[in-house]
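Note sheet for the following structure.
Each value in this text was obtained by applying a stated rule to the coordinates, not by laboratory testing. The structure presented is a predicted model; accordingly, all values stated were derived computationally and were not measured. Cβ coordinates were reconstructed from backbone atoms using ideal geometry, including for glycine residues, and neighbour counts include every protein chain displayed.
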Amino acid sequence: MAFEPLETDEKLEQPVQAAPDMDAAMLFGCSGFVLTSIGGYLLSVWPFITFQDTERLSGLVLASAVGLIPAAFVGIIATRRFRLAGACGFVGGSMATGIFLYLRIQQAFLAHEARQAPKPEYPSICIYLIPLAWIVLSTLLAIVSLPSSEEL
C-alpha cells in the first residue's frame, strides 16, 4: 500500500522536509526591499522638514544626526535581516534621500539669492557633497553588513 504524501511504498528513515517556497521567498524579498527603502527615506528626511534652520551649519548637522544616523542603523539591520533585498532597499532609499538633500540644501542657497534668507554658513559645494556622501556611505554600509553567505 502506498504512503499518502509520497505515494510510494518506500520506507523513509526520517520525514522529508518541504523545499523552500519560491512565492514566499519572493514576497519576503520584495517586502524587505519596499519596507527598507520607504522606511529609511522617511526616517532620514523628517528632520530636514521639521528643523527649518538648515542654512545654519548647526541646524544642518543636527538634522543630519537626527535623521541619517538612525536611518543608517535601520539600513544595516534590514540588510542583515533581508540580505540582498534589504541592502538594495537601503541603497534605493538613500538615493531618494540624496535627491531630497540636494533639493533641500539647494533651496537654502536659492533663498539667499532671492534675499529671503541669510547666507548659508557652509560652502555651496555641500549641495553636491552631502547627498553624494550619504549615498556612498549607505552603499558601503550595505556591502559591509551583507551576510557573507550572500553573493553580490
Restricting the first residue to segment 123-152 and requiring it to be farther than 19 Å from residue 72 by Cβ, which pairs with a second residue that is hydroxyl-bearing (Ser, Thr, Tyr) and not in a loop (DSSP other than H, G, I, E, B) meet a Cβ separation below 8 Å and a spacing of at least six or different chains?
-> 127/102; 128/102
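Of all residues in segment 120-132, which are within 17 Å of the chain's Cα centre (by Cα) and surrounded by 15 or more Cβ atoms within 10 Å (Cβ to Cβ)?
Of segment 120-132, the ones within 17 Å of the chain's Cα centre (by Cα) are 130-132.
Passing the criteria: 130, 131.
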Filtered residues of segment 50-70 (kept if under 17 Å from residue 117 (Cβ atoms), surrounded by 18 or more Cβ atoms within 10 Å (Cβ to Cβ) and free of Cβ contacts under 8 Å to residues at least 40 places away in the same chain) | 59, 63
Mind listing whichever residues of segment 90-114 are more than 30 Å from residue 77 (Cβ to Cβ) and within 19 Å of the chain's Cα centre (by Cα)?
-> none
Going through (1) exposed (fewer than 14 other Cβ atoms within 10 Å of the Cβ); (2) part of a helix (DSSP H, G or I); (3) more than 13 Å from the chain's Cα centre (by Cα) one by one, residue 16 fails only at (2)
Only one of 117, 142, 87 is over 19 Å from the mean Cα position of the chain (by Cα) and surrounded by 15 or more Cβ atoms within 10 Å (Cβ to Cβ), namely 117
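Within segment 72-84, which residues are among the small types (Gly, Ala, Ser) and under 15 Å from residue 32 (Cα atoms)?
At the first step, the residues of segment 72-84 found to be among the small types (Gly, Ala, Ser) are 72, 75, 78.
Scanning segment 72-84 gives 75, 78.
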Can you give me the number of residues within segment 111-130 that are under 13 Å from residue 60 (Cβ atoms) and assigned to a helix (DSSP H, G or I)?
-> 4
Residue 54 passes all but one of the listed conditions (1) touching a Lys or Arg at 6+ places or on another chain (Cβ under 8 Å); (2) within 21 Å of residue 73 (Cβ to Cβ); the exception is number (2)
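Evaluate the following for residue 47: is it touching a Phe, Trp or Tyr at 6+ places or on another chain (Cβ under 6 Å) and part of a helix (DSSP H, G or I)? Walk me through it before giving the result.
Values: touching a Phe, Trp or Tyr at 6+ places or on another chain (Cβ under 6 Å): no; part of a helix (DSSP H, G or I): yes.
In short, no.
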Note: among 108, 87, 133, 96, just one is over 18 Å from residue 34 (Cβ atoms), touching a Ser or Thr at 6+ places or on another chain (Cβ under 8 Å) and either of a type in the set (A, V, I, L, M, F, W, C) or not in a loop (DSSP other than H, G, I, E, B) (or both), namely 108
